[in-house]
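To keep things clear, I will list the structure first and then write my remarks on it.
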Amino acid sequence: MAIDFKLPDLGENIDSAEVVNVMVAVGDAVEAEQPVVEVETDKAVMEVPCDTAGTVAEVKVSQGDSVQVGQILLTLEPSGNGKTEAAPPQE
């Protein structure tokens, strides 16, 4: 089941930001807490880490976009979806 990653609360009454850099692409594997988007607010430029590990299924924003807190940035296919491949035995 796909997971939507939304722009989290950035603090200090900030309700929107501009996307400066998208740091992932469709098909990229993402680890929990890995920065995926860089945004600029009135006060600072900051990296936004993803809270979930998975594979990027869709990127819903691009550089220059204005985004609101709670807006979907990425859609992820979660890692550990039950499909595992056994490694060949080591001899």
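The values are calculated or read from the model by the stated rules, or taken from the named source; none is laboratory data. These numbers were taken from a predicted model, which means no experiment stands behind them. Note that we place each Cβ from the backbone using ideal geometry, even for glycine, and neighbour counts take in every protein chain shown. To get the accessible areas, we keep the full protein, side chains included, count just its heavy atoms, and leave off ligands, DNA and RNA. Shrake-Rupley method; radii C 1.70, N 1.55, O 1.52, S 1.80 Å.
State whether the residues of region 18-28 include one that is in contact (Cβ under 8 Å) with a residue 60 or more places away in the chain and surrounded by 15 or more Cβ atoms within 10 Å (Cβ to Cβ). Write out each step before concluding.
So the first thing to find is which residues in region 18-28 are in contact (Cβ under 8 Å) with a residue 60 or more places away in the chain, and the list is none.
Checked against the condition, which is being in contact (Cβ under 8 Å) with a residue 60 or more places away in the chain and surrounded by 15 or more Cβ atoms within 10 Å (Cβ to Cβ), region 18-28 yields no hits at all.
When VAL48 is tested against (1) more than 12 Å from LEU74 (Cβ to Cβ); (2) surrounded by 18 or more Cβ atoms within 10 Å (Cβ to Cβ), only condition (1) is not met. For region 53-70, filtered to residues that are under 14 Å from VAL24 (Cα atoms) and of a type outside the set (A, V, I, L, M, F, W, C), the residue that is most open to solvent (accessible area, probe 1.4 Å) is GLN63.
Taken over region 1-17, the criterion of being open to solvent by less than 30 Å² (accessible area, probe 1.4 Å) and at positive phi is satisfied by GLY11 alone.
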